[in-house]
Every structure is written in structure tokens, then in C-alpha cells.
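The values are calculated or read from the model by the stated rules, or taken from the named source; none is laboratory data. Not measured: the values here are computed from a predicted model. All Cβ positions, glycine included, derive from the backbone under ideal geometry; neighbour counts span all protein chains shown.
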Amino acid sequence: MRFSAWKANLVGLRLVAAIVALVAVGVVVRVRGESAKDEKRDRAAITAVLQAQQAAWNRGDVDAFMEGYWRSPELSFSGSSGITRGFDGVRERYKTKYANRAQMGELGFSDLEVHFLGPDAALVLGHWHLKREGGDIGGVFSLVWQRFPEGWKVIHDHTSAMEK
């Protein structure tokens, strides 16, 4: 091969390499952009579930509040009284501990942080507050969420009360 032919092939290879690199960068930028859009959409979906739970609680509807939880015997709740397992167990815990509107009070969430653990899992940290005539209470929570075909659901709830 003559030097001029070899040089022409080298220029051609560089051009092909540059095009491949530009296409790869474009794919990465597009994937990251779509990922950011997905995260924004998923964050909004999780926040909407929390808002629906808050509204259900504040109208005294524990069953509607529980719609944000995974309807499974594998659901878990951890708190000061230990670990409660299963959807039915968690629902019964809420209905026993908050047996009437006075005990339920008015629920509010604040300082929410959503951390995605993957495309179908998230961790939400935050504060909860119950405004009640008999005395307000509140604390912190960490919720593990999973995406299901029917939407985002809490699969584990760890809620702790905090002294004021």
C-alpha cells in the first residue's frame, strides 16, 4: 500500500470514529434526558399518592388511606411498637391506634425527599404531623416504594414519633 492510500484510509477511519463518538454522545444525552423526565414524572406520581393519602386520612377514611400501600402479605410497617406484617395487619394497626376522628386528627407531611433507587424503586423521607385537640404529635418516616402495573405503592413504612 502506498503512503497516500494509507493516509487516506487513516483519515477515513478517523472520520468514522468521530461519527460513532458523536452518535454515542447523542444517545447518552437522550437517555439521560429521558431518565430525568421519567424521574420527574415518577416523583409527581409518588407525591400524588401521598397527597391522596393525606386527604383520605383527613376525612377519616383509613381504607382509602391504605390504597397507597401494597396490597400484599409481604407489606411491612416498623414503628415503636415493633414490626407489623401484611396489608391486613397494617390496616388493622391504623384502625386500632386511630379508632376515631379525634385520635386521627389532621395529617400533614413536610420536608419530603424522594430518592430513586432504580427505575422501579424509591425511598421517601419526610416528617409527619397530626394536629389534634388532645395534643399534636409528629415524627419522621421512611417509605420504600415500588412501581407496580397499577402505579407506585409503599412496600415498607418505618414511622417514628419524635418528642417536641
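Any idea which residue in the stretch 122-138 is surrounded by the most Cβ atoms within 10 Å (Cβ to Cβ), counting only those that are in a loop (DSSP other than H, G, I, E, B) and among the charged types (D, E, K, R)?
Once the filter is applied, the top-ranked residue is Arg132.
Assuming Ala64 fulfils every condition listed in (1) hydrophobic (A, V, I, L, M, F, W, C); (2) within 13 Å of Thr159 (Cβ to Cβ); (3) exposed (fewer than 15 other Cβ atoms within 10 Å of the Cβ) apart from one, which condition is it?
Just one mismatch for Ala64, condition (2).
Is there a residue in the stretch 106-119 that is surrounded by fewer than 15 Cβ atoms within 10 Å (Cβ to Cβ), outside any strand (DSSP E or B), out of contact with any helix residue (DSSP H, G or I) (no Cβ under 7 Å at 6 or more places or on another chain) and of a type in the set (S, T, N, Q)?
no
Of all residues in the stretch 78-93, how many are small (Gly, Ala, Ser) and in a helix (DSSP H, G or I)?
Looking only at that region, the number is 1.
If you take the residues of the stretch 139-164 that are hydrophobic (A, V, I, L, M, F, W, C), assigned to a strand (DSSP E or B) and surrounded by fewer than 16 Cβ atoms within 10 Å (Cβ to Cβ), which of them is modelled with the lowest pLDDT?
Ala161
Looking at Val62, Val90, can you tell me which residue is among the β-branched types (Val, Ile, Thr) and closer than 16 Å to Gln146 by Cβ?
Val90
Scan the stretch 73-93 for residues that are free of Cβ contacts under 8 Å to residues at least 60 places away in the same chain, polar (S, T, N, Q) and surrounded by 14 or more Cβ atoms within 10 Å (Cβ to Cβ) and jot them down.
Start the filter on the stretch 73-93 by keeping residues that are free of Cβ contacts under 8 Å to residues at least 60 places away in the same chain, which leaves 73, 81-89, 91-93.
If we keep only those that are polar (S, T, N, Q) too, we end up with 81, 84.
Within the stretch 73-93, just Thr84 meets the criteria.
Among (1) within 17 Å of Leu50 (Cβ to Cβ); (2) assigned to a strand (DSSP E or B); (3) of a type in the set (A, V, I, L, M, F, W, C), where does Phe65 come up short?
(2)
Just one of (1) over 17 Å from Trp152 (Cα atoms); (2) free of Cβ contacts under 8 Å to residues at least 60 places away in the same chain trips up Glu113, so point out which.
(1)
Can you find a residue that is under 20 Å from Tyr69 (Cβ atoms), touching a residue at least 12 places away in the same chain (Cβ under 8 Å), among the basic types (Lys, Arg) and not in a strand (DSSP E or B) anywhere in the stretch 94-103?
The answer is yes; a qualifying residue exists.
Taking the stretch 38-64, which residues are over 16 Å from the mean Cα position of the chain (by Cα) and touching a residue at least 24 places away in the same chain (Cβ under 8 Å)?
Once the filter is applied, which keeps residues that are over 16 Å from the mean Cα position of the chain (by Cα) and touching a residue at least 24 places away in the same chain (Cβ under 8 Å), the stretch 38-64 yields Trp57, Asn58, Gly60, Val62, Asp63.
Would you check if there is a residue in the stretch 30-41 being assigned to a helix (DSSP H, G or I), at pLDDT 95 or above and surrounded by 16 or more Cβ atoms within 10 Å (Cβ to Cβ)?
No, the stretch 30-41 contains no residue that is assigned to a helix (DSSP H, G or I), at pLDDT 95 or above and surrounded by 16 or more Cβ atoms within 10 Å (Cβ to Cβ).
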